Amino acid sequence: MKKILTVCICFILLFCGGVFASEIETFERNSSNRYGIPKRFEMGQKQIDAALKTPYVNSEELVYDFAELFTLEETEKLKETAQRISKKENYKIVIVTVPNLGRKSPMAYADDFFDYNDFGKDGILLLISIGSRDVYISTSGEGQLLFDSDRVNNTIDRITPSLSNGYYGNGASRFLDLVEQAFEKGISDKMSLCTIVDDLGNYTCKKPLPITFIILGSVVVSFLTIFFVTKKYKRIKKATDAQNYLNREEKDLYENQDTLINTRTTRTYISSSSNGGGGGSSHSGSSGASHGGGGGKF
Amino acid sequence: MQENTLDQKCPSCRAPLKFSPKSSGWDCDYCGSHFTIEDLEKIQKKREKAQKKKMNSQGYNCKNCGAQILVSENVTATSCIYCRSSAIIESRLSNEFTPTSVIPFKKTKEEAMDAFKQTGLRRFFIPKEFSNKKNISEIQGIYIPFWLYDYKVDSKVTGVGNIVSSWSSGNYIYTKTDEYAFTRSGVFPFYDIPVDGSKHFDDALMNSIEPFDYKELVPFNEAYLSGFLAEKYDQTKEEVQSVAINRAENTILSEINQTLNRYSSKVINEKTFTPSSFHGEYVLLPVWLLNIKYKDKIYPYAMNGQTGKMIGDIPVQKSKVVFTFFILTIFLIFITSLLFILIGGYSL
């Protein structure tokens, strides 16, 4: 009797697990649905290969807990918050957890997940890979400007302790809080000089005018100009030489001797450090879309 | 103290006779006679004999109108303040005060005035009122006493110089320093370095109107002074010779320096100057002087009476300078900002 009960319970648990897993609705990618690749991207072999390795999900859900790290209530709450923010701001705020990343890097997985689903252009995606213990935030479109590298790094730093301690739900909701805060603060001064220039999310930034430098430079230049012009107004000068009165034909430099008395050679070692400056903070995914982001281990 | 004035009068009609820079002779405005230096020398000798007989023990009186003329002790030629006829104080030009030669004026008073008016024309910061006539004192043609020094000097300079070369090989930069001991010896002959022999003419101002063309030096004759002011020296040949020597030595050092420019650094250990000949000559050189009074400050101007070189400090109108500074600064800020935005891709 006991054995039957255990088997039953196991069966119910398995069934329940199956029910939980089946809550994430996925579709099949095939040529008739363009492999789920949005129209703004090219559809080459590279894109198809990458898309086929990416789950095709219902883009309205926004929270995809493939690794089952959240409780039911947590999932519901996260979904509610993510959907509320997304609707209000016309962004897609996405949370994905996966058991492992396959052969992709966290960056590539996160970028592909956003690009090869119907999330649109603008969004911020949090990826947690429990197998490799990676956490990664990928930003797309306007999200690159709103959630710039400073905010991404700050968010990663703030949520990593929760994730390390196994409070995945807390970490994810902390992420949503920080995203909401970012919306309240708006785009930072630095990034407000940037504009998205194409459908792929590429953006160009104007550098802020170095106004202090320009003012100081102008003051110095005009001061020097006037100084040298007015200096010419002082024309009475004491003569200190007699160049005009030296008879150069009669001048006779009869001794002109140079004797080498000493030679020294020293050598200094050149250290071959050629660290270039850091690259830009944006990169392109397999789709060709521009993304920002950052991540770390927990 | 006995002093005689010698006025130049036309030997034909006795009208006042003045040296004309234009014709390099003496023209009588009244009877149109023209005299050369030779003519006047003859007449002068005759008259000297006559004058010695009737010496005036009271000082000196104008030979033209008889008025007493008061002049400072160094003046040798002036004009009578009453009748404007020229007066030359002969006794002050005798013996050691007789210049060996003189360069006669070539530039007229009008040319000097024109030259002065030109100085301010293209200057931006000059106050408008500066070249206004009412600020200009009377322009004076003065023969200024100068010492001309001939100085021949044997000079020797020794020192140590470095030539540094560097190259890189592998991961090293090599620096080679060659140290040389150098000696430069030479004879440097200077001719006619001018130093003014009068305390009350500014040395720098006199330096600024150099050079004079000494080819036009002529043997001194008092007759050249008529119509102009003249002074005798009050600084002897020995008192001011150091000025000429310093100028010569500076020139020698810069000449020698030019032969040392292959050294990237050098130290001069020893320099000796051994004069082989030194000689000073007393001459009178022609200078037009005028003073401009602007805002309670006197701006002295001098023109070389031979070459026409006009020198003097030009005052700067402060309000114009400040205004220009602000306008220029704002303009530069505007232009650079525009360039940054249009070319550099910067944004406000």
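Each value in this text was obtained by applying a stated rule to the coordinates, not by laboratory testing. This is a predicted model, so every value here is computed, not measured. Positions of Cβ are backbone-derived with ideal geometry, glycine not excepted, and every protein chain shown enters the neighbour counts.
Where Rh denotes the Kirkwood radius from the mean inverse Cα pair distance, what is Rg over Rh for chain A? Write down the numbers at each step before the final one.
Working: Rg = 33.3 Å, Rh = 24.4 Å.
Result for chain A is an Rg/Rh of 1.36.
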Legend entry - Cα principal axis extents for segment A:18-121, largest first, Å: 40, 31, 26
Legend entry - Simple spin-label estimate for B:LYS176 and A:THR204 in nanometres, 7 Å along Cα-Cβ: 5.2 nm
Inset, instruction - May I ask which of B:LYS128/B:LYS320; B:LYS176/B:LYS266; A:LYS232/B:LYS215; A:LYS234/B:LYS295 have a Cα-Cα span longer than 20 Å here? - result: A:LYS232/B:LYS215
Inset, instruction - Would you mind checking the tilt of helix B:109-119 against the longest principal axis of the Cα atoms of chain B, expressed as 0 to 90 degrees and rounded to 10? - result: 20 degrees
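Let me know the mean shielding of A:206-216 by other chains, meaning the per-residue number of their Cβ atoms within 10 Å of its Cβ. Write out the running numbers ahead of the final one.
Working: counts 6, 6, 3, 8, 5, 6, 0, 2, 9, 6, 1.
The shielding value for this peptide is 5.
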Inset, instruction - Using every pair of alpha-carbon atoms in chain B, split the distances into 10 Å bins beginning at 0 and state the percent of pairs per bin, rounded to integers. - result: 5, 18, 21, 18, 15, 11, 6, 3, 2, 0
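Please give the charge dipole size of segment B:110-316, origin at the Cα centre, charges +1 on K and R Cβ atoms and -1 on D and E Cβ atoms. Round to the nearest 20 debye. Intermediate values should be presented prior to the final figure.
Numbers: 22 positive and 27 negative charges, 184 e Å.
Its charge dipole is roughly 880 debye.
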Inset, instruction - Report, to the nearest 10°, how far helix B:237-258 tilts away from the longest principal axis of the Cα atoms in chain B, using its own Cα long axis and a range of 0 to 90°. - result: 30 degrees
Legend entry - C-alpha long axis of helix B:37-53 to longest principal axis of chain B, angle in °: 50 degrees
Inset, instruction - Sort largest first and round to whole Å: the equivalent ellipsoid semi-axes of segment B:202-328, each the square root of five times a Cα gyration tensor eigenvalue. - result: 33, 31, 13
Legend entry - aspartates and glutamates with Cα under 12 Å of A:LYS79, excluding same-chain neighbours fewer than 8 positions away: A:GLU60, A:GLU61, A:ASP65
Inset, instruction - Would you mind computing, in nm to one decimal, how far apart the modelled labels at A:ASN100 and B:ASN291 are, each placed 7 Å from Cα along Cα→Cβ? - result: 10.4 nm
Inset, instruction - Kindly give the semi-axes, whole Å and largest first, of the ellipsoid equivalent to segment B:133-247, taking each as the square root of 5 times a Cα gyration tensor eigenvalue. - result: 50, 20, 12
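If you build the Cα gyration tensor of the protein assembly as shown and take the root of 5 times each eigenvalue, what three semi-axes come out, in whole angstrom, biggest first?
Numbers: eigenvalues 2063, 212, 65 Å².
That gives 102, 33, 18 Å for the three semi-axes.
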Legend entry - Within straight-line cross-link reach of B:LYS271, lysines at Cα separation under 20 Å, skipping those fewer than 8 residues along the same chain: A:LYS251, B:LYS152, B:LYS156
Legend entry - DSSP beta bridges in chain A [antiparallel fraction, %, rounded to 5]: 70 percent
Legend entry - Set of segment B:245-279 residues, backbone N closer than 11 Å to the point 7 Å along the Cα-Cβ line of A:ILE261: B:267-270
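How charged is the neighbourhood of A:PRO106? Take every other residue with its Cβ under 13 Å from the Cβ of A:PRO106, and add Lys/Arg as +1 and Asp/Glu as -1. Mind dumping the intermediate values first?
Values: positive: A:ARG103, A:LYS104, A:ARG133, A:LYS297; negative: A:ASP111, A:ASP112, A:ASP134.
Residues near A:PRO106 contribute +1 overall.
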Legend entry - Unit Cα scatterers, Debye sum, segment A:173-260: log10 I(q)/I(0) for q = 0.17, 0.25 Å⁻¹: -0.99, -1.22
Legend entry - Cα-projected label distance for B:PHE325 with A:THR26, points at 7 Å along beta-carbon direction, nm: 7.5 nm
Legend entry - Calculated FRET efficiency for the pair B:ASP114/A:ARG235, C-beta based, R₀ 22 Å, to 0.05: 0.80
Legend entry - chain A: most fluctuating residue of A:ASP189, A:ASP118, A:ASP258 per GNM, C-alpha cutoff 10 Å: A:ASP258
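What number do you get for segment A:142-298 when its Cα radius of gyration is normalised by 2.2 N^0.38 Å, N = residues? Display every interim value, and only then the final one.
On the way: Rg = 32.8 Å, N = 157, 2.2 N^0.38 = 15.0 Å.
Here the answer is 2.18, to two decimals.
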Legend entry - Sites A:ASN244 and B:SER265, calculated FRET efficiency, Cβ-Cβ separation with R0 22 Å, nearest 0.05: 0.15
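Sum up the charges of everything whose Cβ sits under 10 Å from the Cβ of A:LYS297, counting Lys and Arg as +1 and Asp and Glu as -1, but leave A:LYS297 out.
Details: positive: A:ARG133; negative: A:ASP134.
Local charge sum for A:LYS297: 0.
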Legend entry - Between segment A:124-152 and segment B:239-308, the Cα center-to-center distance that results, in Å: 78 Å
Legend entry - Highest-fluctuation residue, A:LYS251, A:LYS232, A:LYS88 considered, GNM on chain A with Cα pairs under 10 Å: A:LYS251
Legend entry - Relative contact order of chain B, defined on C-alpha pairs under 8 angstrom at six or more residues apart (%): 24 percent
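For chain A, what is the calculated [θ] at 222 nm in deg cm²/dmol (nearest 500), taking -39500 (n - 2.57) for each run of four or more DSSP H residues and dividing by its residue count? Please report the intermediate quantities before stating the final value.
Values: 8 runs with 117 residues, N = 298.
Value at 222 nm, helices only, nearest 500: -13000 deg cm²/dmol.
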Legend entry - Straight-distance crosslink candidates among aspartates and glutamates, where the alpha carbon sits under 14 Å from A:LYS297 and sequence neighbours closer than 8 are dropped: A:ASP134, A:ASP157
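Evaluate 2.2 N^0.38 Å with N set to the residue count of segment B:110-316, then give the Cα radius of gyration divided by it. Walk me through the intermediate numbers first.
Numbers: Rg = 23.8 Å, N = 207, 2.2 N^0.38 = 16.7 Å.
So segment B:110-316 has a normalised radius of gyration of 1.43.
Apply the membrane-span-like helix rule to chain A: whole DSSP H runs, Cα extent along the own long axis of at least 27 Å, mean Kyte-Doolittle hydropathy at least 1.0. List the helices found. If you can, show how the numbers build up before the last one.
Values: long enough: A:2-22 (29 Å, 1.95); A:211-231 (30 Å, 2.17).
Within chain A the helices that satisfy the rule are A:2-22, A:211-231.
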